Amino acid sequence: MAEVTTSCFSRVALLILYILHQSCVSESTLIFNVLSFGAKPNGVIDSTQAFLDVWTAACASSDSTTIRVPKGRYLLRNAMVFKGDNCKSTDITFRIDGTLIASSDYQILGQASNWLSFEGVTGVSIIGGALDAKGTALWACKLAGSTDCPSGGATSLSFTNSKNININGLMSLNSQMFHIVINGCQDVQIQGVKVNAAGNSPNTDGIHVQLSRNVAIFNTSIKTGDDCVSIGPGTKNLWIEQITCGPGHGISIGSLAKDLEEEGVQNVTVKNAIFKGTQNGLRIKSWARPSNGFVEGVQFLDVLMFNVQNPIVIDQNYCPHNINCPAQVSGVKISDVVYRNIQGTSASAVAIKFDCSATNPCSGIRLENVSLTFRNQKVQSHCANANGKIIGTAQANSCL
């Protein structure tokens, strides 16, 4: 007879016990503690399997479930996928009082797309805690131009094809690449999240949203080396309010026109935002190539800028580093974009740049009470193929 190891038996036994004794637990919410599944809060012993096992147990229940992660540091060495395919529960909460840490060896996650990935889940909440992806060594490798480091890197937290998602009070530190990605989801709320990475960390977007609808981001602070929030194709009904950005590359819709067939971006609102020393403020960007994509119904409201390099930008000739630029004309149609109550200081004389498509000019651009200065002087603006109007105060030599 084959020998069964103690650790394997313990995991199986715990799963069976939790499932069989559900009636002994609170009728309202079942509580699973990762320590009971073998997780170690010392930051040294790998707890990957324990987290996967507790997820399996939670999914096996049809009741509301809380997964408790007590104080401590939990090493999650490998990429993990939490799948909702066989989940009976539509209400699973991760309540994290500790810190989840990745391996300091960036090669382990460097080839993975995601570190912690939720796929096809419903009703998952992540409350509190911190994710430390240990990305600084990988950034240094990339910035040094070494051929030995992975070309990509892992997103710290990803939700794909999921719905009714809540992320509240989470901190994301030093992601290898993107911090949080919402892809193909609906009904998502992100609140009280803090993102922290160095200003020169490459491709470390704070929150990326694409192919998703009904997403709300509230009361969030993002310090990173790329876009604080990046908004990709297929994003509809996105609300961002009370967000602080900097360092970083601002809040960007795009880049768009990566593909000929591309879903549009609709109904995006950014309200009560603060930008501090960022490369950009409010940006819409698309490559100069054919595309059936579009951007419509965007509002930028009540925004403060402090020493922002490019406060207001529409760039339909986007080509970072001017390498392999398509040198065509953007097919993305941009319309009905409102900038209202935008105030503060620009780090450059030209604070408003509308560089739109020659074949699909921007339309319905509105500047309402825009007051930006550069070294206590009125800022300049530059327009190409942009149509719109100014309402109220516009402390800029407007080109609309």
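For K142, which aspartates and glutamates qualify as cross-link partners when the Cα separation must be under 20 Å and same-chain residues fewer than eight apart are set aside?
D105, D132, D205, D226, D227
Cut-off 10 angstrom, C-alpha nodes, Gaussian network model of the chain. Which of E261, E241, E119 fluctuates the most?
Most flexible of the set in this elastic network: E261.
For the chain, report the % of Cα-Cα distances exceeding 28 Å.
Roughly 50 percent, rounded to a whole number.
Among K223/K258; K258/K285; K236/K389, which pairs are too far apart, with a Cα-Cα distance over 18 Å?
Violating the 18 Å limit, Cα to Cα: K223/K258; K236/K389.
What's the angle, to the nearest 10 degrees (0 to 90), between helix 6-20's Cα axis and the longest principal axis of the chain?
For helix 6-20, the angle is close to 80 degrees.
So which residue, out of I222, I323, I207, gets the largest mean-square fluctuation from a GNM of the chain using Cα contacts under 10 Å as springs?
I323
Quick one: Cα centre-to-centre distance for the range 324-377 and the range 129-189, in angstrom?
29 Å
Looking at the range 309-400 from every direction and averaging, what is the projected area of its Cα convex hull in nm²?
Taking a quarter of the hull surface, the average projection is 5.9 nm².
Helix 48-60 sits at what angle to the longest principal axis of the chain, using alpha carbons and giving 0 to 90 degrees rounded to 10?
Approximately 90 degrees, to the nearest 10.
All of the numbers you see were taken from the coordinates with simple rules; none came from a lab. Note that this is a predicted model, so its numbers are computed, not measured.
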